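S.K.: Just passing along the structure, written as structure tokens.
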Amino acid sequence: MFVMKRKLLLHSCCGPCSTVVIERLKDDFDLTIFYYNPNIEPKEEFEKRKIEEIKVCKHFNIPFVEGEYDNEEWLEFVKGLENEREGGARCEKCFYFRLLKTAQYATQHGFDMFATTLSVSPHKNTIIINKVGQEIEQNEKIEFLPESFKKKDGYLRSINLSKELNLYRQNYCGCHFSRRTDEL
């Protein structure tokens, strides 16, 4: 008996983070990657990460969709939180911004649900990510897949897959505020 897989739009911050998440979800869902990261600065960094994401999608034969890069809109959204510590209120607001756009795109394009690769990172708070996703689920009326992809050595697996695929791995979250924090 043929069972249709549910269509899942997977927000991805970068190729390395998406590797293990795609590996874990591809057999259970009809996946599409949504690369939506207007927080990433400079634009050259955004482009580097996009190229790596496309490599990963080709490797796993997963469709790739690029969301609009509007750094000014993102900066306006997090205005007033520039001096927040990494992992604080600015990051939660950034998660909300990107996941909201993901949910809206998913709804507009006939997906059954949405998720994010963000929880694979040991630097990201999975509880906050899932809380934000579930809040958006309630408001936008589209199912969110709450998950912690760092479990079962997910982050380590992403590092190993990144090496196998010869992927560029960035050394900061993406926004220039996180870069400033990392360089201190």
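S.K.: What is the residue count in region 1-17 for residues that are over 13 Å from Thr102 (Cβ atoms) and crowded, with 24+ Cβ neighbours inside 10 Å?
M.R.: Count: 4.
S.K.: Report whether or not Glu66 is surrounded by fewer than 16 Cβ atoms within 10 Å (Cβ to Cβ), under 14 Å from the mean Cα position of the chain (by Cα) and either closer than 26 Å to Ile142 by Cβ or of a type in the set (D, E, K, R) (or both).
M.R.: yes
S.K.: Name the residue, out of Phe34, Phe2, that is of a type in the set (A, V, I, L, M, F, W, C) and under 29 Å from Val78 (Cβ atoms).
M.R.: Residue meeting the stated conditions: Phe34.
S.K.: Also: Which residues, taken from region 100-146, are under 15 Å from Ser18 (Cα atoms) and either without any contact (Cβ under 8 Å) to a residue 40 or more places away in the chain or small (Gly, Ala, Ser) (or both)?
M.R.: Ala115, Ser119, Ser121, Pro122, Lys124
S.K.: Filter region 19-60 down to residues that are in contact with a helix residue (DSSP H, G or I) (Cβ under 9 Å, 6 or more places away or on another chain) and in a loop (DSSP other than H, G, I, E, B), then give me how many there are.
M.R.: Qualifying residue count for the region: 8.
S.K.: Continuing with the same structure: Could you tell me whether region 127-148 includes any residue that is under 27 Å from Glu44 (Cβ atoms) and either of a type in the set (Ser, Thr, Tyr) or modelled with pLDDT under 95 (or both)?
M.R.: No.
S.K.: Tell me which residues, restricted to region 160-184, are at pLDDT 95 or above and either under 13 Å from Val120 (Cβ atoms) or of a type in the set (A, V, I, L, M, F, W, C) (or both).
M.R.: Asn160, Leu161, Ser162, Leu165, Leu167
Matching residues to (1) charged (D, E, K, R); (2) modelled with pLDDT of 95 or more:
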residue: Lys7; (1), (2): yes, yes
residue: Arg49; (1), (2): yes, yes
residue: His109; (1), (2): no, yes
residue: Pro122; (1), (2): no, no
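The values are calculated or read from the model by the stated rules, or taken from the named source; none is laboratory data. Bear in mind the structure is a predicted one, so any value in this text is a computation, not a measurement. Glycine gets a Cβ as well: all are built from the backbone with ideal geometry, and neighbour counts include every protein chain shown.
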